Amino acid sequence: MLTIFTITRVVCVICLALILSSHLSTALPQTVGLVEQFESTTVFWEQFEVGKKIVALHDKSVLPRLEPWLRSPDMRRRGNAAFVFGRLGDDRGLETIQAIVDDRSPNRAVFEIDSAGHPNLARQIRTDRYYAAHLLGDLKDVRAVRILISLLKDEDVQDIVPWSLGEIGDKSAIPPLKEALNDKDVSVRAAALRALEKLEQQTSNWSEPDILSDPGNFSDRQAVNPW
């Protein structure tokens, strides 16, 4: 009985490999190389750059090969795969990135460490959520605006949310960004100002306010460095 079960599993694995191989065989030659590079790259920001190159080829045949990455325990690399899906028009991309933003569970790979050199789960959760909020801006999907607006007061990600809203470029973000100019955190106010300046290029109904009210004449314009 065990032998039959084992054989069945082996056959299933082989079939899955053949299916993935058949999908990739229809891809453009340069896409195949990029997918292999995406899979072998261990540094998340370098992998993201590879992901952008894959997106630029507009070749959806790579998605079945990348689908397992949507379940990667490394949330940032999972997000990179979701970015590729989203930019190639697959709704699983946005859904996965939103799920990472919402996820505060310990079910993830932990790379962040504390001052004693121990794994720091809380810091990893913040890092993963921040990166996902950044990816929502990279995705440039107007459906993400609602998600981002709801995060403007979330301390883990509120520094990057205005940048992402500015990248998407939807005017519905202007009122909540104006409200963020009154935030107690100078970096949030600075990020909101920059986002409004970006959106102002698309509308003439907004003028820059004076928000340089911190002690020491600190300039909000110099207080934020998106990612």
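The values are calculated or read from the model by the stated rules, or taken from the named source; none is laboratory data. Just so it is clear, the model here is predicted, and its values are computed rather than measured. So basically every Cβ, Gly included, is an ideal-geometry build from the backbone, and we count neighbours across all protein chains shown.
Looking across segment 161-186, the residues that are of a type in the set (G, A, S) and crowded, with 16+ Cβ neighbours inside 10 Å come down to S164, G166, G169, A173, A180. A17 passes every criterion in (1) among the small types (G, A, S); (2) buried (at least 21 other Cβ atoms within 10 Å of the Cβ); (3) modelled with pLDDT under 95 apart from (2). In segment 170-199, which residues are part of a helix (DSSP H, G or I), of a type outside the set (A, V, I, L, M, F, W, C) and either under 23 Å from the mean Cα position of the chain (by Cα) or at pLDDT below 95 (or both)? If the condition is that a residue be part of a helix (DSSP H, G or I), of a type outside the set (A, V, I, L, M, F, W, C) and either under 23 Å from the mean Cα position of the chain (by Cα) or at pLDDT below 95 (or both), then K171, S172, P176, S187, R189, R194, E197, K198 are the ones that fit.
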